[in-house]
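Reviewing the structure listed below.
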Amino acid sequence: MTIGVLKEPIPETRVSILPEHLAILKKLNADVLIETNAGESAFASDKKYIEVGAEIVSRIDVIKNSDIVLSLNIPGTDNIKSFQSKILLGNYQPLYN
């Protein structure tokens with residue numbers, strides 16, 4: 001199973017998963033793809049993700065190669081067809097939308 005993490009749009013300062021939590025996913029034999037600079041605004045550099053076993057890739061590669069895609073906000077700028085046969089997991093402001 002491959003889990004992908006998308007970079008959140010500005011002004012969001014959070015990221016779906018921090019490097020210190022990847023150990024749990026690695027124990028489940030999950031591969032983790034992180035969009036380039038996804039954790040930058042949450043003080044989690046790409047280097048930290050790499051150190052714990054994640055792979056840093058482009059946004060297109062995260063969407064294309066992940067079985068599960070994590071995102072805090074609705075990934076509105078992407079073509080919805082890109083997410084066919086994917087699990088898109090997040091908390092998309094349910095009281096607002």
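The values are calculated or read from the model by the stated rules, or taken from the named source; none is laboratory data. In this text the structure is predicted, and so the values were computed from the model without any measurement. In this analysis, Cβ positions are derived from the backbone assuming ideal geometry, glycine residues included, and neighbour counts consider all displayed protein chains.
The table below gives the values:
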| read-out | value |
| --- | --- |
| Among (1) modelled with pLDDT of 85 or more; (2) polar (S, T, N, Q); (3) not in a helix (DSSP H, G or I), the one test that ASN97 misses | (1) |
| LYS27 being modelled with pLDDT under 90 and basic (Lys, Arg) | no |
| Restricting the stretch 56-80 to residues that are in contact with a helix residue (DSSP H, G or I) (Cβ under 7 Å, 6 or more places away or on another chain), at pLDDT below 95 and hydrophobic (A, V, I, L, M, F, W, C), the residue that is farthest from LEU18 (Cα to Cα) | ILE63 |
| Matching residues, the stretch 20-35, being within 16 Å of LEU72 (Cα to Cα) and either basic (Lys, Arg) or touching a Lys or Arg at 6+ places or on another chain (Cβ under 8 Å) (or both) | GLU35 |
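Yes/no matrix, rows are residues, columns are (1) at pLDDT 90 or above; (2) touching a Leu at 6+ places or on another chain (Cβ under 9 Å):
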site: ILE3; (1), (2): yes, yes
site: PRO9; (1), (2): no, no
site: GLU12; (1), (2): no, yes
site: ILE17; (1), (2): yes, yes
site: HIS21; (1), (2): yes, no
site: ASN37; (1), (2): yes, no
site: GLU40; (1), (2): yes, no
site: LYS48; (1), (2): yes, yes
site: ALA54; (1), (2): yes, yes
